[in-house]
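See structure below.
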Amino acid sequence: MGIERGSKTGRIPIDRGRTGSKHHLITDATGIPLAATLIGGNRNDVTQLIPLLQAVPPVRGKRGRPRHRPGVVLGDRGYDHDKYRRFVWDLGVKPLIARRGTEHGSGLGTQRWIVERTFAQPALVRRLRIRWEIRDDIHEAFLTLGCALICWRRLNS
């Protein structure tokens, strides 16, 4: 009897069929992580767009009702799907997602580098770079802890 992997692992097609996971992260415009999820390596990226937007906690700030969702969401070509664009519009968020099959240079890279930089920071934590945990909940807890470390480092700088 082998070790059972969780539902948040899957065979990665580009890595010779090894099992693995993907981290999905949504940040604000300055790179502070707002929500993170973990899915299997064989799942499509676009399936996590709506759950990530719904996982964003309300942000307090100006007087009045706190804003629950961002005004605009930026995404790479992995999130390009018309059905999900409509879902994002239905949530009251404007999708700025690069289209597949178009040339690079859409201008989104000038804003998306902030997300990519934040996305690389949890990888500095060795426990997240290489998945050692068998249980999904433990690895997801380390992902959440990595996001908390990013916030803590930002507050101390």
### Message
Contact list please: Cβ distance under 8 Å, first residue in the stretch 92-120 and more than 18 Å from residue 45 (Cβ to Cβ), second residue modelled with pLDDT of 70 or more and among the charged types (D, E, K, R), pairs at least six apart or on different chains.
### Response
92/69
### Residue satisfying all of: in the stretch 24-50; touching a residue at least 60 places away in the same chain (Cβ under 8 Å) and among the small types (Gly, Ala, Ser); surrounded by the most Cβ atoms within 10 Å (Cβ to Cβ) among these
36
### Query
So which residues in the stretch 88-106 are surrounded by 10 or more Cβ atoms within 10 Å (Cβ to Cβ) and either modelled with pLDDT under 70 or acidic (Asp, Glu) (or both)?
106
### Task
Please work out which residue is nearest to residue 93 (Cα to Cα), limiting yourself to the stretch 17-40 and to residues that are in a strand (DSSP E or B) and aliphatic (A, V, I, L, M).
26
### Task
Output the residue which, of all residues in the stretch 70-80 that are within 17 Å of residue 24 (Cα to Cα) and part of a loop (DSSP other than H, G, I, E, B), is modelled with the highest pLDDT.
80
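The values are calculated or read from the model by the stated rules, or taken from the named source; none is laboratory data. Bear in mind that the values here come from a model prediction, so they are computed numbers and not experimental data. Heads up, the Cβs are rebuilt from the backbone with ideal geometry, glycines too, and the neighbour counts pull from every protein chain shown.
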